[in-house]
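The block underneath contains the structure these notes are about, expressed in structure tokens.
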Amino acid sequence: MRRPHRCGDAGQAFPIYITVVAGLLFLAFAYLAVGQAAANRNGAQTAADAAALAAAQESRDQLAGGWLEVVGDPTKWQDILDGDTELVDGCWRAYELAAQNDADVQGCGQAEPLGYTVDVETNKSVGDSIVPGTEDFKSKASATAVIEPRCTFDLPGEGGDDGDGNDTLPLPQLKCDDTDWDLDPEDPTTLPAPEDLFDVHLADSQANDE
């Protein structure tokens with residue numbers, strides 16, 4: 001008995017095989033496009049976060065410098081810790097950090113109660129992919145960084161005598177998180193650094209594509 005000839009079955013299966021392979025390739029390229037977009041979006045968010053933090057850290061350093069100038073007068077400390085003083089706009093640092101992360105600042109402004117909100121856009125697009133239009137598809141992101149005081153203190157009730165017959169107000173102990181500082185303006189090692197006085201952190205961070 002002769003076996004039936006199956007060439008026809010093989011011929012019918014080949015187009016199905018081609019269709020399945022084509023579908024798999026399409027999915028692979030689609031996933032690649034999604035990955036490219038995600039990488040670009042992450043780059044935008046990194047740039048926005050770094051820019052906002054840099055601007056806030058610039059103002060933090062100014063506040064710390066202002067506190068050092070009035071360290072001998074504790075009645076002025078609280079205004080400094082609350083940020084109730086004139087500051088030079090720190091947005092110039094945001095532009096620097098965004099450029100270092102291959103992005104451009106679209107907007108930078110002070111945030112309440114004390115901080116900065118920065119919007120950036122990547123300089124590079126997602127690039128060519130199977131998805132139409134990605135060659136002009138850029139990612140945008142925004143971030144807000146805030147400055148918060150770490151320290152508290154209690155003003156002394158009475159002044160003392162400095163030895164020359166003049167009343168002076170003794171410096172109170174400065175409590176910064178878990179550290180207590182017994183301050184001596186003549187001894188720099190007893191004075192907290194900017195990061196000891198103020199905390200800088202991200203309060204909001206979000207990306208979107210365009």
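Only the coordinates and a few stated rules stand behind these numbers; no lab work does. Since this is a predicted model, take the numbers as computed values, not measurements. Here Cβ is always computed from backbone atoms with ideal geometry, including for glycine, and neighbour counts include all displayed protein chains.
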| Sorted by average packing, counted as other Cβ atoms within 10 angstrom per residue and highest first, what order do 41-49, 180-188, 84-92, 58-66 take? | 41-49, 58-66, 84-92, 180-188
| Going 7 Å from the Cα of Thr189 in the Cα-to-Cβ direction, what parts of the range 46-85 have a backbone nitrogen less than 17 Å from that spot? | none
| field | Sequence-distant lysines (8 or more away, or on other chains) whose Cα lies within less than 26 Å of Lys76 | value | Lys175
| Taking amide H positions as placed 1.01 Å from N in the peptide plane, with prolines and chain starts having none, which residues 5 or more places from Ile147, or on another chain, fall under 5 Å of its amide H? | Leu114, Gly115
